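Written below as structure tokens is the structure these notes are about.
The values are calculated or read from the model by the stated rules, or taken from the named source; none is laboratory data. Just so it is clear, the model here is predicted, and its values are computed rather than measured. The protein model used for the area step is the full one, side chains on, heavy atoms only, and it has no ligands, DNA or RNA in it. Shrake-Rupley method; radii C 1.70, N 1.55, O 1.52, S 1.80 Å.
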Amino acid sequence: MIERHTIAETAKHFKKSEDEARQSLARSRERLVSIRNRRPRPHLDDKIIAAWNGLMIQLMPGGANLDEPRYLESATRATKFLRSNLYDEKSKLLFRITAKVEAISRFADDYALVFKEL
């Protein structure tokens, strides 16, 4: 939840004490959360897109210049993941997303940003 003003500013604006403003905000948050919890949760988009990972892989080795070995380790892990989950060695085809849906399996940006890494 976003708080645009301090408790003191809010209390002053509504001509209440800071304690009253704090209690009112707490009640409002509880009510908001209660109402929000009754709504269906939005769909979780957890697909992994080859091109976006390829772009990250290309940028991460630059972290070596920053003396941050974790960036290079992340790039290495991502490359291994792409190779084992989004690339078909037999057909030499790269899938766009982890769902491996044929209809959207090959986009130019995926190959441009990933293929040299595989």
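Taking 0.36 nm per residue of sequence separation and subtracting the Cα-Cα distance, how much length would be gained by fully extending the chain between residue 58 and residue 41, in nm to one decimal?
So the chain would gain 2.7 nm between residue 58 and residue 41.
Could you work out what % of the accessible surface of the stretch 1-64 is carbon and sulfur, using a 1.4 angstrom probe and leaving DNA, RNA and ligands out of the count?
Carbon with sulfur: 55 percent of the solvent-accessible area.
Could you state the per residue volume, in Å³, of the convex hull enclosing the Cα atoms of the stretch 9-80?
201 Å³
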